[in-house]
Amino acid sequence: MTRNCLFSLSLLACIGSTLCGARYVFDFGLSNEESARPDLFGTYWNNFSDRSATSVSGFVDIDGNDAAGLTVTFTDAFPSASTNTLGSETIYTGSATGDFWYVTKGSADTSGAFVIGGLDPSGDTVYDLQFFASTNRTAPQVFDTDYAVSGATSETATLSLVGNESSVARVNGMVPDASGEITVTMTAADSSDSYGAIGVLDLASRAPGDPLTPDPVEPEQPDPSSIGSTPNPSAEPSDANPDGLRAYVWEAADGYTGRVGLGELLRRAGFHVEPLPLDEPPFAGERDTDVDLIALGSFVSEAPEYAAYMAQYGDQLDDYVDRRGLLIQFTQNDAIEVEPPFLPSTQDAARSDTDFDSVRILTPNHPLLAGVPTINDGTAVSWLMDESESHPHQTDTGWEAFVQFFGFQVLLSGDERARNPILMEGAYGQGRFFLAAMGNDKILNASSGADESTESLAAFNNVFFDNLYDYAKLVTDLDVPALEITPQPGESEIEEGAWTIAILPDTQIYSQNYPGVFSAQTSWIVANRQRYNIRYVLHLGDIVNVNSIPEWQNARESLSILDGKLPYALVPGNHDYGPGGNAKTRETFLNDYFHTEFYEAWPTFGGAMNAGEMDNTYHLFTAGGIDWIVIALEWGPRDSTIEWANSILAQYPNRKAILVTHAYMNNNDLRYDISDTEHPQDYNPHVYNTEGGVNDGEELWQKLVKTHNFVLTVNGHVLGDGAGFRIDANDAGQDVAQMLVNYQMRSLGGEGYLRLLTINPDSSVDVKSYSPIYDSYLTAQDQEFTFDLDIHPEDANENGTADYYDEALDSDMDGLNNYREFVELGSNPMRLDSDGDGLDDAFEVEHGLDPATSDAELIATILGHPNQLGLYTVDDIHYLNADSIVVQPKEGALELKLQLQESGDLEQWNDLGDPVEATLPAPADSSFYRFEITE
């Protein structure tokens, strides 16, 4: 975020005018930051904002009296002007200390000079000069400035500007030269790294024997909410305040606009305004004693007292809302406050550094927006924050937009999908609260109190705050309309022909403390398999946290939800190895709970590096018309592991490859590279000293990734924001997308977020981050974005539809066309038996089964327990059929004996009744004989 300055209010103290004589203050800076005449405390300023001026007059002293004859002539023009961003100066008005003129050491123009004329040269009057400037640069930088002052005598004063809040450089008792002039020359001091600057000149005259002009002091400042010209309406019902509504207000002058105004706007709307008490709860006693509104101004979170107040009373703010209260918070700096600290557990919201010139109206009939000026045929609102085009936030209608939310109705948004809410309403108990990404409360110059509203801003505010007054009354009367919660913006359906890979990073805290969150992830994946056409699940390692048996039991239970429903690949992370998960050794309980023989039955399981070990595996599947191979490698793969992976990939050179390993990309969009000493290598595999040696991201790139048909790598592991992404061309010129995903630094060990990669028919990939426990999508730029994969699905008939979902094709010739299989059924149109359960897809569809979900376990259960279902296979009963036998008569006759038997299990047989015996004549010739038994 760009900052201008922090406008601090000050009073220029003067201990008795007879002692001080005349006093003049000069502001050197930008035209959009000129100091008022007078400022809020009645001090009159003289402004220098035109660096091309040569001679200036028409000055006034601090009381507004004309300074007849006083002139300033610039003899050496100052080359540059800048905004100062320290934002904490208090000894002069902020509009004066918030900017400066400066010179650059070693440049073509290293100085600036001016002559103050019209002074008394007699010696009966002397002049004290004080210089002030400050900068937000930090040590060890040095920003020292020399101010050389010459008149009848000469003297130089030096000021250190870095972090300066209250120091001044002084030259006292200067006598003008014979022409009544004092010359000031400013340069960067020898000790300065590069710059010198002047922001304020404080010039005072006095008799030679009088005390020195005192240093400027910080005055007692009024509460910002009291600034403004509108009288405060009575707290009782009156013409100005018909409903007798009261409002607590907390606002502060900010470093971006230098303004206040929330209290003034609420008074204009009719509220009786009081400062929010910072040393007591926001309510006490009966509900009737509560104020009707609590309003938190834009950027008030930067006030020094804010953090302590929220720590002590933040939870009571939502209790206030519950008591039929109304709370509104205007925009805040996302670098200071991402999530409002007073939200109840039923809502969540997070800000970003995203701004909008205009915002879309998503709830046009809401009472708060009734009658506000609109643009674009009533679909949007927009205003200017400042008339000056040079103002960095001139057009910020939506300022610090939200990118994450749940439990709110979105009224205004930066887009039509509510991906960037600007104004939201939530309900809690009997009350309501609004969160705004708007700075429309900033209307008054904090130094002078002057209204600096633009025409468009004033037009919006006039209606908006009147509506807020009326809405506060509705809340108090329990008469507000019902909320219509806005659905999550990421819930758009995928396009036809698209398919998805689901990614589970770093579930270690779930396995240790919150196994229900882990199970919620896998359950959601199964439940939404068809909705997102999910074809594979990739776990990025750190399955558990301390490599303990209870954790592995939890992890197995959570991942078993996928068994038979969706294939998945997993890799061990550093926390999955060694005693306590310290990765010192490669000992793990992984293979005690994830058995290779189980996965070998899957049609997608290619094999493992070592028999009985799931540490390093490969997987084969087809999706989106592309044959894929997933190479899933251990934490910090050893050289032998890379050799094995190279050998596997050599067997499948035409398959597009995906690498899954725990540590590869860092969160600075660079691969881990232990040889790179210029960039952080925190958590690089090499620092763990894991037995057998390791390879980091750059080594994997050089030894494996860039030499094969990889198009994607995914990894977890890295903390911080847990996000990283880059694309590089491999040796063949093919782009390889490399992605870091890790949410574990969020609450609950990740808040249940998982990554969805939806691959579209045009080979673009939509990236989303979703939490099934919050039903919430992250929409920050590094959490929701699009990139292209270097893949090209075939369109053999050139009809514009890729073959794999072309309704005109039936690639496996099973009677189900490719569109129906890939889009509708989620099966593989290139394979007769997509799920490998022994039942062809067409048979499963005919009999109401799911061809994309394996029924092998069910089939095995049925065959293993036929007696419970009254079912027997041919193998079970084939011996009941009489075999062909040859019979021969004996002495002209055949002896026949038949015995009927019964069995309940095909194993134990019991005689039923007496046998039937008979002797039949059978001539001994060449005839054939058979027995026929009829019912």
If residue 183 satisfies every condition in (1) of a type in the set (S, T, N, Q); (2) farther than 30 Å from residue 391 by Cβ; (3) surrounded by fewer than 16 Cβ atoms within 10 Å (Cβ to Cβ) but one, which is the exception? (3)
Among the acidic types (Asp, Glu) and closer than 30 Å to residue 307 by Cβ: which single residue out of 181, 236, 251 fits that description? 251
Sole residue being modelled with pLDDT under 95 and under 22 Å from residue 654 (Cα atoms), chosen from 782, 775, 790: 790
Every residue in the stretch 241-294 that is at positive phi and touching a helix residue (DSSP H, G or I) at 6+ places or on another chain (Cβ under 8 Å), please. 258, 270
If you go through the stretch 650-681, how many residues are more than 15 Å from residue 702 (Cα to Cα) and touching a Lys or Arg at 6+ places or on another chain (Cβ under 8 Å)? 1
I'd like to check something: does the stretch 863-875 contain any residue that is charged (D, E, K, R), closer than 30 Å to residue 907 by Cβ and modelled with pLDDT under 85? yes
Does any residue of the stretch 268-278 turn out to be at pLDDT below 95 and farther than 27 Å from residue 319 by Cβ? no
Positions within the stretch 796-815 being in a loop (DSSP other than H, G, I, E, B) and in contact with an Asp or Glu (Cβ under 6 Å, 6 or more places away or on another chain), in sequence order: 796, 802, 809, 814
State all residues of the stretch 171-190 that are within 27 Å of residue 118 (Cα to Cα) and part of a strand (DSSP E or B); if no residue qualifies, say none. 171, 172, 173, 174, 182, 183, 184, 185, 186, 187
Please tell me if residue 373 is surrounded by fewer than 20 Cβ atoms within 10 Å (Cβ to Cβ) and farther than 25 Å from residue 300 by Cβ. yes
Name the pairs: first residue in the stretch 78-98 and assigned by TED's automatic domain parsing to the domain that holds residue 196 and assigned to a helix (DSSP H, G or I), second residue at pLDDT 80 or above and aliphatic (A, V, I, L, M), Cβ to Cβ under 6 Å, at least 6 apart or on different chains? 96/200
Would you mind finding the one in 780, 802, 842 that is within 19 Å of residue 498 (Cβ to Cβ) and of a type in the set (A, V, I, L, M)? 802
If you take the residues in the stretch 424-453 that are touching an Asp or Glu at 6+ places or on another chain (Cβ under 8 Å) and among the hydroxyl-bearing types (Ser, Thr, Tyr), which one is surrounded by the fewest Cβ atoms within 10 Å (Cβ to Cβ)? 428
Per the filter on the stretch 281-311, residues in a helix (DSSP H, G or I) and crowded, with 16+ Cβ neighbours inside 10 Å are 300, 301, 302, 306, 309, 310
Matching strands (runs of 3 or more DSSP E) fully within the stretch 106-170 where at least 1 residues are free of Cβ contacts under 8 Å to residues at least 24 places away in the same chain and within 51 Å of the chain's Cα centre (by Cα): 154-160
Of the conditions (1) farther than 28 Å from residue 466 by Cβ; (2) in a helix (DSSP H, G or I), residue 214 clears all except one; give me its number. (2)
By residue number, the members of the stretch 533-561 that are among the acidic types (Asp, Glu) and assigned to a helix (DSSP H, G or I) are 551, 557
Positions within the stretch 677-723 being in a loop (DSSP other than H, G, I, E, B), surrounded by fewer than 23 Cβ atoms within 10 Å (Cβ to Cβ) and more than 28 Å from the chain's Cα centre (by Cα), in sequence order: 677, 689, 690, 691, 692, 693, 709
Anything in the stretch 432-457 that is among the hydrophobic types (A, V, I, L, M, F, W, C) and either in a loop (DSSP other than H, G, I, E, B) or farther than 14 Å from residue 383 by Cβ (or both)? List them, or say none. 433, 434, 435, 437, 438, 443, 444, 446, 450
Of everything in the stretch 321-351 that's over 19 Å from residue 485 (Cβ atoms), surrounded by fewer than 19 Cβ atoms within 10 Å (Cβ to Cβ) and not charged (D, E, K, R), which residue is farthest from the chain's Cα centre (by Cα)? 341
Boolean, residue 569 is part of a strand (DSSP E or B), under 34 Å from the mean Cα position of the chain (by Cα) and either modelled with pLDDT of 95 or more or surrounded by 22 or more Cβ atoms within 10 Å (Cβ to Cβ) (or both): yes
Do you know which residues across the stretch 117-143 are within 15 Å of residue 198 (Cα to Cα) and buried (at least 21 other Cβ atoms within 10 Å of the Cβ)? 129, 130, 131, 132, 133, 134, 135, 143
Within the stretch 373-393, considering residues that are of a type in the set (S, T, N, Q) and within 14 Å of residue 458 (Cα to Cα), the one nearest to the chain's Cα centre (by Cα): 382
Strands (runs of 3 or more DSSP E) wholly in the stretch 312-431 with at least 2 residues that are among the charged types (D, E, K, R) - which ones? 348-351
Is it true that some residue in the stretch 750-767 is farther than 17 Å from residue 660 by Cβ, part of a helix (DSSP H, G or I) and not charged (D, E, K, R)? no
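The values are calculated or read from the model by the stated rules, or taken from the named source; none is laboratory data. All of these numbers come straight from a predicted model, not from anything done at the bench. Please note: Cβ atoms are built from the backbone with ideal geometry, for glycine as well, and neighbour counts cover all protein chains shown.
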